Amino acid sequence: MEMPLPDAAILSRKAEIVARLLGVLPTDAVIHDPAETRAYECDALTAYRCAPLAAVLPRSTDEVAAVLRICHEMRVPVVPRGSGTSLAGGALPTADCVILGVARMNAVLETDYDNRFIRVQSGRTNLSVTGAVEADGFFYAPDPSSQLACAIAGNIAMNSGGAHCLKYGVTTNNLLGVTLVQMDGTIVTVGGPWLDAGGIDLLGVICGSEGQLGVVTEATLRILPKPEGARPVLVGFNSNEVAGTCVSDIIKAGILPVAIEFMDRPCIRATEAFAHAGYPDCEALLIIEVEGSPAEIDEQLARIKAIALTHDPVEFREAADEDQARRIWLGRKSAFGAMGQINDYMCLDGTIPVSSLPYVLRRIGEMGAECGLDVGNVFHAGDGNMHPLILFDANKPGDLERCEAFGADILKLCVEVGGCLTGEHGVGIEKRDLMSVQFAPADLEAQFRVKDVFDPAWLLNPAKVFPLEATASRRAG
Amino acid sequence: MRPASEAEVCDMVQAAGPLVIRGGGTRGIGRAVGQVLETSGLAGISLYEPGALTLVAQAGTPLAETEAILAGERQRLAFEVPDLRPLLGRGGVSTIGGVVAANASGPRRVQVGACRDALLGVRFVDGRGEVIKNGGRVMKNVTGYDLVKLLAGSHGALGVITEVSFKVQAMPEVETTLVGDLEEMAGLVALRAALRSPFDVSGAAYAEGRAMIRLEGLAGSVGYRRQALAAVLGGDWDVMEGAASADLWRRVRDVAAFADMAGAVWKLSVKPSDAAEIVASLAALEVQAIYDWGGGLVWLLVPQDDAGAVRVAVAAKGGHATLVRGLAGMTAAVFPPEPAGVAALTAGLRAQFDPRGILNAGIMG
Ligand SMILES: Cc1cc2nc3c(=O)[nH]c(=O)nc-3n(C[C@H](O)[C@H](O)[C@H](O)COP(=O)(O)OP(=O)(O)OC[C@H]3O[C@@H](n4cnc5c(N)ncnc54)[C@H](O)[C@@H]3O)c2cc1C
């Protein structure tokens, strides 16, 4: 993946830039020693690394604004960073940028159960938002698998999803308001603890803008009363096609599980070898979880069972107790780890219309065979968000490139069948150059114009999301 | 003007001076000026996959036709589109594009979100006359900026919407409403308590002296939650089922109680627990209120102009007030005033998408 060449003029002014930053932040909040800036050289897309010019760790919205004013005035690019768990390279620095990390801004500012919201500083981790309200019977619904580490800031920037988004929606559906600092230091508050901000939906476009429109410092989030309970079932099929039909029959029947997860045979075998969850050796496996009181769960699972049995599953496994429920989830939750045991892997994130599932899985298998790479599929089946995991060997020359080319072909296939390049991980640098597969030039231009409004100088995270050549003239200006 | 295709919309916009974009003319608010461009010629459902819960329609497709097609598969638009024709004194055929442009969302907002939350994709023609698409037809999509949200509720100020795609919802097996004759304050407290419970409330309103709390889903589940919720709330609750329950919610959704009453009608978006206090602070104006969304949405009937007082009362607590039905001669802004930073960004976006300022000029300030 190509990144723009660092601006030599900025590199040569490093001492001056650092001095200015030290003028508005305490010494421990400005990191500029090359031995220490290395800590910020990558996010979870570790194949790409580049230490930034400096990193700053402000503690307040005002400090963020002060940093941005300086960088704006000195024309230094800024890359916002939450916890650095992006899988798309969203938080990858360039050598001439300042990383603005919000990790030290992690306070809870307000909790209001009567109106069901919480206001936090954006560096707070996803899980600790739920942690702050859990004892009182509430939770924050979007739950990316990385929730222990990832920050609300990153969740908002990527519009992150989670295992339960089939029922509760993704970040954008649970975000009520933000405090945003624009690149020139202007602080704006958008939305608040009421529904529908009124006027043009700025909040809607800020969420998912990958750190390119402003730095989010505070967020008002919707919290929900915790359901009484949840229980999964496991259903195994000998055909992807039948498993796909079963999913759509359940959805059509009006049952709303909180999660429908899908694993294919390569993935089932890998997780079995690793986690010994006792999964059946079949072509496709569904884990379906429903919520409610015990009686409500029984009612929903009875319907699901009736539907599943019409499709002749090789196994329908119910969980009689907590431990059995845990074992049903065990394999799914260790899927990434299991694939990682076998080899290095790249995790894709395209979405497809659920009706195309059998075709897409077949094509992925064929394409993998052609290029000699193994691939396993885990999949949020209810909403069509696929996670093909391509195995490769990072130490083998050319393997990463082969894997990237295969990945790009899979994503093109997703677009071809009416889906999209990324369902929850974001574009970052990873899918940047594929954007023109999904969007016509006018579609991209419209998005550039949004950035022109929020960040006319194109200094915020400028080398991401869009093909570099398409934004070159704007970034230069 | 009544274009018959998206390409014609482009030609017309490129050639036009100021335009007023109209779907069915049933829910537009604000005072735009210019030549009327009607979208009713862009009609038809282009894709409907019940098993994937997705529907794609041309913007001028009548809402009623869309709902009928969904009902044929026992599905619906989850966000419960209000029919404001009686309230606004309008006739006409509501279009699906108009629903999106107004982000029109009813009582189920508290459970499933607004129109914008169900909207998966849009195609629109911007003020330069160019076709732009964003989003798509799949439920999870974070590819590029979310212009879908930007267009939902943009009241025609950013572009002429030509096609929309939705995530739809299965109709529930049963619906039940708990109805309690309560004083306003006690009624609103009950709504908030219900929304704080784990019983998955799909409507919480107070109107005409009654608190109403709706539950939907599988029969056994609704029966269980109805009892559990009544126990949590205490007091006496009547139970309305099926069609009787649906009628109650239609009245709330359409603000039916104010349709035949004289006065300006405001829509307040506030913190639920502030609602009663805001209304009480306007008591001298003899206002009447219908509370939806647990109090987060207040429909306020104000006999006289008094726009300044309404806006001051809302601003004192935080939130927005939109003038949905004015009085003859009323000059107050229809859309709520915005703080400087937000106003600058909004103006910037409008200038980018509509550099000549021809789309619903004069709307939204
Ligand atoms: C093991 C693993 C599992 C994962 N599972 C999921 C999953 O289930 N679902 C899912 O959606 N994602 C998942 N992810 C991806 C990742 O965790 C999410 O994208 C997450 O939201 C990133 O948060 P972060 O705080 O780490 O952000 P970072 O990686 O630090 O940054 C992500 C993006 O946000 C921008 N940003 C950061 N802070 C700000 C700010 N204050 N203002 C503006 N922009 C900002 C950055 O510039 C960057 O573009 C997973 C990642 C890993 C490693």
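None of B:133, B:149 is surrounded by fewer than 22 Cβ atoms within 10 Å (Cβ to Cβ) and within 7 Å of chain A (Cβ to nearest Cβ) except B:133.
For residue A:39, the criteria (1) away from the ligand (no atom under 13 Å from the Cβ); (2) open to solvent by 60 Å² or more (accessible area, probe 1.4 Å) hold in every case but one, which is (1).
Report the residue count in region B:314-335 for those that are more than 15 Å from the chain's Cα centre (by Cα) and among the hydrophobic types (A, V, I, L, M, F, W, C). Show your work before the answer.
Going residue by residue through region B:314-335, those that are more than 15 Å from the chain's Cα centre (by Cα) are B:314-319, B:326-334.
Filter once more, so that each one left must be among the hydrophobic types (A, V, I, L, M, F, W, C): B:314-316, B:327-328, B:330, B:332-334.
Final tally of qualifying residues: 9.
Restricting attention to region A:7-28, does a residue exist that is more than 11 Å from the ligand (Cβ to nearest atom) and under 30 Å from residue A:145 (Cβ atoms)?
Let us first name the residues in region A:7-28 that are more than 11 Å from the ligand (Cβ to nearest atom), namely A:7-28.
Filter once more, so that each one left must be under 30 Å from residue A:145 (Cβ atoms): none.
Within region A:7-28 (the criterion being more than 11 Å from the ligand (Cβ to nearest atom) and under 30 Å from residue A:145 (Cβ atoms)), the answer is no, since none of the residues qualifies.
Here the strands (runs of 3 or more DSSP E) wholly within region B:1-70 that include at least 1 residues being open to solvent by less than 40 Å² (accessible area, probe 1.4 Å) are B:19-22, B:35-38, B:54-58. Tallying residues that are within 17 Å of residue A:251 (Cα to Cα) and away from every other protein chain (no Cβ under 13 Å) within region A:293-339 yields 5. Filtering region A:140-167 to residues that are more than 12 Å from the ligand (Cβ to nearest atom) and either surrounded by fewer than 20 Cβ atoms within 10 Å (Cβ to Cβ) or in the same structural domain as residue A:387 (by TED's automatic domain parsing) (or both) leaves only A:167. Restricting attention to region A:399-441, the residues being facing chain B (nearest Cβ under 7 Å), in a loop (DSSP other than H, G, I, E, B) and not hydrophobic (A, V, I, L, M, F, W, C) number 6.
If the condition is being among the hydrophobic types (A, V, I, L, M, F, W, C) and within 13 Å of the ligand (Cβ to nearest atom), then region A:206-237 contributes A:206, A:207, A:213, A:215, A:216, A:219. Scan region B:105-127 and tell me whether some residue there is within 23 Å of residue B:350 (Cβ to Cβ), open to solvent by 10 Å² or more (accessible area, probe 1.4 Å) and more than 18 Å from the chain's Cα centre (by Cα). Yes: region B:105-127 contains one or more residues that are within 23 Å of residue B:350 (Cβ to Cβ), open to solvent by 10 Å² or more (accessible area, probe 1.4 Å) and more than 18 Å from the chain's Cα centre (by Cα). Scanning region A:1-55 for residues that are more than 25 Å from residue A:435 (Cα to Cα), among the aliphatic types (A, V, I, L, M) and outside any helix (DSSP H, G or I) yields A:25, A:30, A:31, A:51, A:53, A:54, A:55. For region A:115-124, indicate whether the set of residues that are open to solvent by 20 Å² or more (accessible area, probe 1.4 Å), within 11 Å of chain B (Cβ to nearest Cβ) and aromatic (Phe, Trp, Tyr) is non-empty. Looking for residues that are open to solvent by 20 Å² or more (accessible area, probe 1.4 Å), within 11 Å of chain B (Cβ to nearest Cβ) and aromatic (Phe, Trp, Tyr), one finds none in region A:115-124, hence no.
For region A:313-330, the criterion of a residue being under 25 Å from residue B:120 (Cβ atoms) and either in contact (Cβ under 8 Å) with a residue 40 or more places away in the chain or within 29 Å of the chain's Cα centre (by Cα) (or both) is satisfied by no position.
Given the residues B:174, B:122, B:148, B:164, which is the only one that is out of contact with any helix residue (DSSP H, G or I) (no Cβ under 7 Å at 6 or more places or on another chain) and either in contact (Cβ under 8 Å) with a residue 12 or more places away in the chain or not assigned by TED's automatic domain parsing to the domain that holds residue B:29 (or both)? Even if it seems obvious, please write down each step before you answer.
Values: B:174 fails: out of contact with any helix residue (DSSP H, G or I) (no Cβ under 7 Å at 6 or more places or on another chain); B:122 fails: out of contact with any helix residue (DSSP H, G or I) (no Cβ under 7 Å at 6 or more places or on another chain); B:164 fails: out of contact with any helix residue (DSSP H, G or I) (no Cβ under 7 Å at 6 or more places or on another chain).
None of the others qualify; the one that does is B:148.
The values are calculated or read from the model by the stated rules, or taken from the named source; none is laboratory data. Here the structure is a predicted model, which means the values were calculated and not measured. Because the Cβ atoms are built from the backbone with ideal geometry, glycine has one as well, and the counts that use them run over all protein chains shown. These area figures cover heavy atoms from the full protein model, side chains too; ligands, DNA and RNA do not enter into them. Shrake-Rupley method; radii C 1.70, N 1.55, O 1.52, S 1.80 Å.
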